[in-house]
Structures are given as structure tokens and as C-alpha cells.
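Scroll down for the structure; my scribbles are underneath it.
Read-outs: derived from the displayed coordinates by stated rules, not from any lab. Fair warning: this is a prediction, and the values are worked out from it, not measured in the lab. Note that we place each Cβ from the backbone using ideal geometry, even for glycine, and neighbour counts take in every protein chain shown.
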């Protein structure tokens, strides 16, 4: 098992990760994880932990992880939005077929305001793109 472990472990946090070097080559044959850096994905920063000097291999591994993580987060964003489209469709069907008057009274204003806000943003952004491309 220990031979299959990666050289680095990334403890994901909201805006990046703590980076650990994984060591299984010790006398006790335990897994040791030594924190070597802190990564901030939003700022693109890699900060060595403590007084450490990162090796070129460390930096390459961290930059590779950052690129993969950004791709995952971008994919999740689009997936979340496509799910929101599904929820809107499901909500329309619910409102048309199953919702009671009391249920509609409970959600109508919030839904109308949220949809109006979304529509305003989407129309403005589309107009901006059309003007930029045209």
C-alpha cells in the first residue's frame, strides 16, 4: 500500500490547499506528512510553509495540482448552472401541475425577483458580448 501513495498530498480548502510531502521511507514504516506549502488558487500564490525552500519538483507538482484543480472547479461551476436550468424546468412543471395556491403564494415573489435579476444580468452580458463582437 505505502508504495502506491503519491509524493504529495493536498488538503483542499475553500481557496486553495495545504500541501504536504508524503514520506513512507522511515524506520517505523509509517506515513509521515510534512507540510511544505500553502496554495491560494484565486491569487495563484504558492507560499512555502515556515522556513522551507521548495524544490523545482515541489513547485512543478503544486502547479500541476493547481491547473487540475482550476479545471475541476470550472467544470463544477458549469455543472451547477446546468442543474439550475433543470431545477427551473422542474419548478415550472411543479407550479403548473402540483402546486397549491398556498405553496405558490409562498414562493412566487422570491422566484420572480430571482428570475428577473438573472434575466437582467444575462441580457446585459449578452448585449455586451454582441457589441464587443460586432
Helix 56-97 sits at what angle to the longest principal axis of the chain, using alpha carbons and giving 0 to 90 degrees rounded to 10? 20
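Just to be sure I understand: if I project the alpha-carbon convex hull of the stretch 87-134 onto a plane and average over all orientations, what area do I get in nm²? It would help to have the intermediate numbers written out before the result.
Numbers: hull surface 15.8 nm².
Result: a mean projected hull area of 4.0 nm².
Show that you can apply the helix-only estimate: for the chain, add -39,500 (n - 2.57) for every DSSP H stretch of four or more residues, divide by all residues, and state [θ] at 222 nm to the nearest 500. All intermediate terms of the calculation are to be shown ahead of the outcome.
Details: 2 runs with 75 residues, N = 134.
Theoretical 222 nm ellipticity from helices: -20500 deg cm²/dmol.
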Using Cα atoms only, what is the angle between the long axis of helix 101-133 and the major principal axis of the chain, expressed in degrees (0 to 90) to the nearest 10? 70
Quick calc, residue 7 & residue 74: beta-carbon distance into FRET formula, R0 22 Å, rounding 0.05, result 0.30
Separation of alpha-carbon centers, the stretch 22-40 and the stretch 89-134, rounded to whole Å: 50
Cα-projected label distance for residue 52 with residue 96, points at 7 Å along beta-carbon direction, nm: 5.6
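Roughly speaking, what % of Cα-Cα pairs in the stretch 25-70 are separated by over 11 Å, rounded to a whole number? Present the calculation step by step, with values, prior to reporting the outcome.
On the way: 744 of 1035 pairs.
Considering the stretch 25-70, 72 percent of its Cα-Cα pairs are separated by more than 11 Å.
Going from the alpha-carbon gyration tensor of the chain, what semi-axes, largest first and in whole Å, does one get by taking the root of 5 times each eigenvalue? Intermediate results must be reported in sequence, preceding the final value.
Working: eigenvalues 444, 94, 32 Å².
Its equivalent ellipsoid spans semi-axes of 47, 22, 13 Å.
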